[in-house]
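Since the structure comes first, as structure tokens, the remarks are kept for the end.
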């Protein structure tokens, strides 16, 4: 190889390396943007697919208790009374109260669930175990931490307990899947006790899987229920 | 070793220059011997400890309390300290780039030091920026006799400057056909002890950090469920501080409360006679 050719080759190689170094961060940024856009569009599609809850205006309005944060930062919840035309069907009723809970209180500081989260589906088994399937935003947009994750689950279980007596236990799914934790801390592999009268438990899942734990509702972290 | 190699190199050079190839086998043997000697010396000096996360100080201080391998002593022998998250999982993130996974490592170092001051042996589930699984972290405690498990967290919510201790929610009593407790309910026999330890530590934290609860809270903390030992989660509020120094200031108080709490708990710790079945 002649020295001139070698010099040209080296120069071309150096140029390619420089171009690569300059282009790599741009490419990486584009990939990240594409990922975010894909996630957002998938989330939007899932929310559109989620069937809206049919509200019958002829249903008598009842005072529903929805549990949001007290706002003092200590992880406690307090009930807010909201008048809703609640259905007598427990599944529809559950969807109505959970959707109202997700919509959030007037004061956004008192939110317990991320604003982007949506209830995709809700089932109630004959033994009183309910299965609530939420969109991924519930897991991804919730502030990370034991306290915040516990508050989110508490607000759901307390709201169901106050308004839908048929629900005794709750299994939470994220986008149709069982998750190990909500956002890195709270155990989602078992069911959460909703009704204080629920005794024993039929674990969600079953088959040859190990029996899932039953998570009792943590009373100390929740404000006392008014009479 | 360096000297040996130099001598050998000079010998080779001289042999090459003098074209005296008869000395080559001798020189080759010398070089090989020098390399082998150096390798052996290096291996001896860099031999890793069998339990790298166990501090030498704590081992020394724990020596008088240790019994022979054949007669395991019931009660608290070691604290398994778990700085949560790590690796690709940063945990909670604050506005100023504060990462929970980094802060808990700092806290863990101070808690470890405070526990060692109480003469208690400490094992860390991670010492760098790695992320063992929940089961791997639990397994480190489950492999010990007489362990206490403490997992450290920084919240992204809550009253700044407060600390909460969590114990796991009550698990239903279940055993498999062989009378063994399933791995995913390993915490079950230890719930009473966990509650006692949690209340002790929380009480001490409440004295140091105003606004903290007086007793431990209950939550379905995933990390605690598979741990076959008295286990608590300690969560400091929060990463949402203007300055990381605000969190750094809390570390000595948190470390002291955990160390005193564990030392106070020690006499009441009697290992329940249970089997934890299976593997994760």
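Values as computed for the structure displayed
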item	result
Scope the stretch B:142-157; condition within 14 Å of chain A (Cβ to nearest Cβ) and in a loop (DSSP other than H, G, I, E, B); matching residues	B:155, B:156, B:157
Subset of the stretch B:229-246 (residues that are closer than 21 Å to residue A:188 by Cβ and within 9 Å of chain A (Cβ to nearest Cβ))	B:233, B:235
Residue in the stretch A:163-183 that is closer than 21 Å to residue B:217 by Cα and away from chain B (no Cβ under 14 Å) present	no
Of the criteria (1) assigned to a loop (DSSP other than H, G, I, E, B); (2) surrounded by fewer than 19 Cβ atoms within 10 Å (Cβ to Cβ); (3) in contact (Cβ under 8 Å) with a residue 12 or more places away in the chain; (4) within 14 Å of chain B (Cβ to nearest Cβ), which one residue A:109 fails	(1)
The stretch B:92-118: number of residues that are within 14 Å of chain A (Cβ to nearest Cβ) and farther than 22 Å from residue B:253 by Cα	2
Residue that is nearest to residue B:256 (Cα to Cα) [pool: residues in the stretch B:120-130 that are surrounded by fewer than 16 Cβ atoms within 10 Å (Cβ to Cβ) and in contact with a helix residue (DSSP H, G or I) (Cβ under 9 Å, 6 or more places away or on another chain)]	B:127
Residues within the stretch B:194-228 that are out of contact with any helix residue (DSSP H, G or I) (no Cβ under 7 Å at 6 or more places or on another chain), more than 10 Å from chain A (Cβ to nearest Cβ) and surrounded by 22 or more Cβ atoms within 10 Å (Cβ to Cβ), tallied	3
So residue B:121, is it modelled with pLDDT under 95, more than 12 Å from chain A (Cβ to nearest Cβ) and in contact with a strand residue (DSSP E or B) (Cβ under 8 Å, 6 or more places away or on another chain)	no
Where residue B:135 falls short, out of the listed (1) more than 13 Å from every other protein chain (Cβ to nearest Cβ); (2) assigned to a helix (DSSP H, G or I)	(1)
Selection from the stretch A:64-79 of residues that are without any contact (Cβ under 8 Å) to a residue 60 or more places away in the chain and buried (at least 17 other Cβ atoms within 10 Å of the Cβ)	A:73, A:74
Among the residues listed as A:90, A:115, A:85, the single one being modelled with pLDDT under 95 and over 18 Å from the mean Cα position of the chain (by Cα)	A:85
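The values are calculated or read from the model by the stated rules, or taken from the named source; none is laboratory data. What you see is a predicted model, and the numbers here were worked out from it, not measured in a lab. As a convention, Cβ positions derive from the backbone with ideal geometry for all residues, glycine included, and neighbour counts pool all protein chains shown.
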